[in-house]
1. Quick check: is even one residue across segment A:57-66 of a type in the set (D, E, K, R), touching a residue at least 40 places away in the same chain (Cβ under 8 Å) and away from every other protein chain (no Cβ under 12 Å)?
2. Only one of A:T244, A:T257 is under 18 Å from the mean Cα position of the chain (by Cα), surrounded by fewer than 18 Cβ atoms within 10 Å (Cβ to Cβ) and free of Cβ contacts under 8 Å to residues at least 40 places away in the same chain; which?
3. Looking at B:A195, is it aliphatic (A, V, I, L, M), in a strand (DSSP E or B) and either away from every other protein chain (no Cβ under 14 Å) or in contact with a Pro (Cβ under 9 Å, 6 or more places away or on another chain) (or both)?
4. Note down all Cβ pairs under 6 Å where the first residue falls in segment A:126-146 and is facing chain B (nearest Cβ under 10 Å), the second is basic (K, R), and they're at least six residues apart or on different chains.
5. Among the numbered criteria (1) out of contact with any strand residue (DSSP E or B) (no Cβ under 8 Å at 6 or more places or on another chain); (2) in contact (Cβ under 8 Å) with a residue 40 or more places away in the chain, which single criterion is violated by B:Y389?
6. If you go through segment B:55-66 one residue at a time, do you hit one that is hydrophobic (A, V, I, L, M, F, W, C) and modelled with pLDDT under 95?
7. Restricting to segment A:35-66, name every residue that is of a type in the set (K, R) and modelled with pLDDT under 70.
8. Considering segment A:191-205 alone, what residues qualify as being at pLDDT below 85 and surrounded by fewer than 18 Cβ atoms within 10 Å (Cβ to Cβ)?
Amino acid sequence: MLNTLNGLKYIRLTKIRCPQKRCQSNAVSASSIDSDEVEKFGKLSSEWADELGSFHALHSLNRIRVPWIVENVNKIKRTNPPRLVDVGSGGGLLSIPLAKCGFDVTGIDATQRAVEAANRSLEAKPLNLSGVSERLRFQHTSVEEFCQRAENKSGYDAVVGSEIVEHVADLNRFVNSLAELARPGAPLFITTINRTMMSKLTAIWLAENVMKIVPAGVHNWEKFVTPEELSAVLFDSGCSVVATQGIMYHPVGNHWTWINSTQCNYAILAVKN
Amino acid sequence: MKLPGGTIISMRNASSYYDAVIVGGGMVGNAMACALGANKSFQSKSVLLLDAGRSPSLSSFEQGTPFNNRVVATSPTSIDIFKQLGVWEQIKSHRAKKVNRLFVFDSCSTSEIEFERGQNEEVAYIIENDLIVGSLFEKMTEYKNIDVKTSVKVDECSIPNSLEHLAYVKLENGDVIETSLLIGADGVNSKVRHASDLNYTTFNYNQHGLVAIVEIQTASGKNDTAWQRFTTLGPVALLPLSDTVSGLTWSTSPEEAQRLKQLPSDQFVDELNSALFSQDDQNQFVNQAIFALNRLNPFRPETFGRKAEGTIPPHVINVQDKSRASFPLGFGNAHSYITTRCALIGDAAHRMHPLAGQGVNLGWSDAQILNKVLGDAAREGADIGSITYLSEFDSAAQKHNLPVMVSVDLLNRLYRTDAPAIVAARSFGLNAFNSLGPVKNYLINYLSAHR
């Protein structure tokens with residue numbers, strides 16, 4: 001029974017994760033990015049605002065990741081408004097709520113069409129009237145290129161990489177760049193999927209080959225990252241891991257909860273030394 | 001809008017924007033506005049309430065002025081909501097009649113059931129609808145984040161398919177108001193619900209509800225029991241408004257309602273007393289069985305020496321002039337109360353038989369649930385029109401409302417017959433239930449507990 005539940009969870013996850021990953025583009029110079037993903041998900045750019053479409057589980061994931069980020073950033077000393085960078089921001093699904101919660105947010109993504117979709121959403125009346133559009137911007141770039149700019153080095157009070165690290169080509173470079181962006185003492189928020197037999201069974205075999213929810217080959221299980229590996233890379237990048245916690249998707253009701261097991265999805269909170 | 005050169009452009013007919021627009025300024029819409037006005041997470045949001053009428057003046061509810069014929073049995077849970085909204089003191093300072101006991105009996109048998117809560121704890125308060133509307137209206141104008149437009153008619157509502165677009169309402173004067181969330185509190189024939197395309201199940205009971213204000217006389221001079229007698233045409237209820245006045249809700253066939261409405265006062269009073277006291281429909285076999293069962297039941301306090309006191313309804317002596325009105329009764333429920341950028345509350349979402357007096361109480365519960373969900377959405381930086389959040393309101397509200405609605409529907413069906421088998425079944429059932437103290441208390445607490 002438990003396996004079945006986890007399986008379902010994975011299937012849904014798989015479906016959503018791909019779109020989020022459209023991080024890398026040929027147009028952007030050499031980076032940790034996987035260029036194949038870009039085209040796949042560029043096509044989905046019109047769906048960002050559709051809560052029932054491909055991204056529905058990412059919409060509902062906000063219900064736990066937004067409070068998680070907001071509460072932890074509010075605990076530390078920061079500029080006002082706190083400057084936050086969302087790496088792999090896609091259509092702005094996470095960046096916009098964070099900006100509405102009072103952050104100054106820069107979203108970067110390597111998929112041009114996702115960035116275009118995000119920029120279109122900035123024109124919305126609610127965001128303009130409330131002044132949120134003024135403290136929110138999206139850029140089409142890679143994190144490696146972005147962190148090289150002088151104004152960005154150690155320039156952020158918080159760094160977010162949600163549902164992205166399992167899709168990058170070079171984990172070390174990617175995490176290093178995230179750490180570069182954070183000023184000393186700033187938190188880094190990462191959510192991703194573990195590399196376990198469970199995820200091989202559900203996310204790869206069940207979702208791709210049996211239920212054909214996603215095209216075969218869209219996911220590369222070998223690129224999933226374990227919490228231990230991620231912690232080690234964070235450590236090498238000059239960050240300390242503060243907490244690691246599992247998260248679970250419930251397909252019935254489309255909601256997420258925090259759990260103890262990190263077998264499937266998990267979140268890591270680290271702090272730049 | 002000011003342009004260079006000092007030209008002032010009229011904003012009329014221009015489109016304006018509010019974070020939320022509530023359509024309908026009734027008991028539920030006004031409660032929604034008050035809740036959002038007090039919601040800490042909503043202080044930076046803008047809310048507009050559109051009311052087709054004018055707010056009732058509170059001065060017409062001073063002691064001594066005639067009662068309005070539309071009254072509502074307000075449950076303890078709803079009283080708690082009023083307290084949270086800060087309108088309870090206002091309502092109480094005018095008039096709200098506390099009911100300590102509810103007594104339900106059957107025209108076809110001697111079976112009966114009474115509901116009481118602990119000493120000094122009310123079963124309900126009977127309050128005039130417009131007093132509630134007016135008190136809520138006065139409260140909502142205190143909030144900076146709430147705007148109100150009265151005497152405006154909504155011409156058209158539009159609800160988008162995705163969050164990419166906004167919802168809007170077009171008023172009859174041509175003004176267009178855009179919004180992130182359209183809240184339909186516009187009653188049974190909700191325009192918002194029609195625009196939403198949500199599936200809606202509805203049927204008529206082929207019954208009309210006749211309301212009136214009646215003068216009554218009780219043996220004790222006190223009037224703090226709500227009475228309901230089931231007759232084969234429908235239930236008759238007397239809801240106390242003062243020691244000498246009660247509100248009548250009489251469900252009957254449409255033809256009967258029409259006839260009763262036009263009767264001269266004295267004849268109307270006679271027919272009403274007959275509906276409350278007549279023994280013509282009593283089924284002797286069922287009554288003998290009940291008598292025997294009662295004698296055998298050791299849990300029943302009245303087994304030895306039945307208390308006659310408090311089991312006879314008051315005599316109606318007069319009906320207030322021009323207070324009689326009637327309206328059709330029906331059942332309705334939207335399969336979902338929400339869609340992207342749209343939420344339905346109160347009668348717009350669901351409609352039920354008035355026999356349990358639960359209809360508007362469910363509406364206030366809707367407003368309370370929706371208010372919490374919208375607060376969460378605002379706090380988490382989400383779009384308040386997002387189904388990710390609204391669906392939480394939908395499932396909580398449906399789960400709360402449906403059991404009540406279905407039970408009330410069944411009760412109404414069960415009591416509209418004098419077929420002996422059904423009379424026997426319902427009588428034994430009700431009687432047994434009445435004698436099972438713990439079970440009954442559990443139900444009372446479920447329905448009226450301070451949650």
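The values are calculated or read from the model by the stated rules, or taken from the named source; none is laboratory data. Just so it is clear, the model here is predicted, and its values are computed rather than measured. Heads up, the Cβs are rebuilt from the backbone with ideal geometry, glycines too, and the neighbour counts pull from every protein chain shown.
1. Narrowing segment A:57-66 to residues of a type in the set (D, E, K, R): A:63, A:65.
Still in the list and also touching a residue at least 40 places away in the same chain (Cβ under 8 Å): A:63, A:65.
From what's left, away from every other protein chain (no Cβ under 12 Å): none.
No, segment A:57-66 contains no residue that is of a type in the set (D, E, K, R), touching a residue at least 40 places away in the same chain (Cβ under 8 Å) and away from every other protein chain (no Cβ under 12 Å).
2. On the way: A:T257 fails: free of Cβ contacts under 8 Å to residues at least 40 places away in the same chain.
Answer to the selection: A:T244.
3. On the way: aliphatic (A, V, I, L, M): yes; in a strand (DSSP E or B): no; either away from every other protein chain (no Cβ under 14 Å) or in contact with a Pro (Cβ under 9 Å, 6 or more places away or on another chain) (or both): yes.
So B:A195 fails the test.
4. Between residues of segment A:126-146 that are facing chain B (nearest Cβ under 10 Å) and residues that are basic (K, R), the close pairs are A:V132/A:K100.
5. (2)
6. At the first step, the residues of segment B:55-66 found to be hydrophobic (A, V, I, L, M, F, W, C) are B:58, B:61.
From what's left, modelled with pLDDT under 95: B:58, B:61.
Checking segment B:55-66: at least one residue is hydrophobic (A, V, I, L, M, F, W, C) and modelled with pLDDT under 95.
7. Of the residues in segment A:35-66, the ones of a type in the set (K, R) are A:40, A:43, A:63, A:65.
Answer for segment A:35-66, where residues must be of a type in the set (K, R) and modelled with pLDDT under 70: A:K40, A:K43.
8. From segment A:191-205, those at pLDDT below 85 are A:199-205; that's our starting set.
Passing the criteria: A:K200, A:L201, A:W205.
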